[in-house]
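Just so it is clear, none of the values below were taken in a lab; they were calculated from the coordinates. The shown structure was predicted, so the numbers you read here are calculated from the model rather than taken from an experiment. We place every Cβ from the backbone using ideal geometry, glycine too, and count neighbours over all the protein chains shown.
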Amino acid sequence: MTAVTVPVEIHLKGRQQILDFAQMTKILREAKLISLGECGCRKRVKECDAPIEVCLGLDKKAEGEIKRGLAKEVSLKGALEALKRSHDAGLVHIAYTFKEDETPGYVCSCCSCCCHSMSGLVRFGIPEAVVASDYVATNNSDTCINCGKCVERCQFRARKLENDRLAFNRARCFGCGVCTSTCPTNSISLVKRH
């Protein structure tokens, strides 16, 4: 493990953002170059069987990853397939934007059991202090059948079944959209975060 020293009164500018499937698709379509590499967190920690080859580099960052042999160039179709594979596995898309860039340079598909960023977000549950998210989930309790599928998929532990009824903690929701795609009654949707 390598230690990093950050001098006092130095500011590091970067931003992490949780993106849903539609937002990610748009970003991939706008990229000129895309790389696909392995998730270093899951490869090292090995706490789950989620796909490993799902980390995406975009444009300048993709070029650097390819040159260093850490990733391979992939077509838009290949990137969208990796995105779908990671979404189907219940992984959360976290985009990293650095100070010199207007758009994300890297997008990781993360799980809360292996990935350092995700595990911290889940453990401390303070999304507004750590990561940006444009959306939050909303539930239609009239159509919800309390099946628990969304509970199984929620990486942030914002959902649980209490006395066979869905309990949703909106404050823990990061708006990733992983719960929406498997709800059998379409009772969950994403709305703009205020």
Mean Cβ-within-10 Å packing, highest first, puts peptides 178-188, 87-97 in the order 87-97, 178-188
What are the ³J(HN,Hα) couplings of segment 16-24, residue after residue, when phi is run through the Karplus curve with 6.51, -1.76, 1.60 and θ = phi - 60°? Round to Hz, x for glycine and proline.
10, 9, 7, 10, 8, 4, 5, 4, 5
Using only the Cα atoms, work out Rg/Rh for segment 14-130, with Rh taken as the Kirkwood radius, to two decimals.
0.94
Listed pairs Lys32/Lys84; Lys26/Lys84; Lys26/Lys46; Lys43/Lys67; Lys61/Lys149; Lys84/Lys192 exceeding 25 Å between Cα atoms:
Lys26/Lys46; Lys61/Lys149
How far is the Cα center of segment 20-76 from the Cα center of segment 81-112, in Å?
8
How much length is gained if the chain between Lys43 and Asp164 is pulled fully straight, taking 0.36 nm per residue apart and subtracting their Cα-Cα distance, in nm to one decimal?
40.0 nm
Cut-off 17 Å, label 7 Å out along Cα→Cβ of Lys192, residues of segment 150-186 by amide N
175
Could you identify which residue out of Ser86, Ser141, Ser112 has the top mean-square fluctuation in a GNM of the chain using Cα springs shorter than 10 Å?
Ser141
With -39,500 (n - 2.57) per DSSP H segment of 4 or more residues and division by the full residue count of the chain, the 222 nm estimate, nearest 500 deg cm²/dmol, is -7500 deg cm²/dmol
HN-Hα couplings for segment 56-73 via Karplus (6.51, -1.76, 1.60; θ = phi - 60°), in whole Hz with x for Gly/Pro, come out as 10, x, 10, 6, 4, 5, 4, 4, x, 5, 5, 4, 7, x, 8, 7, 10, 5
Would you work out which of Cys39, Gln17, Ser112 lies farthest towards the positive end of the dipole of the chain? Charges go on Cβ: Lys and Arg +1, Asp and Glu -1.
Ser112
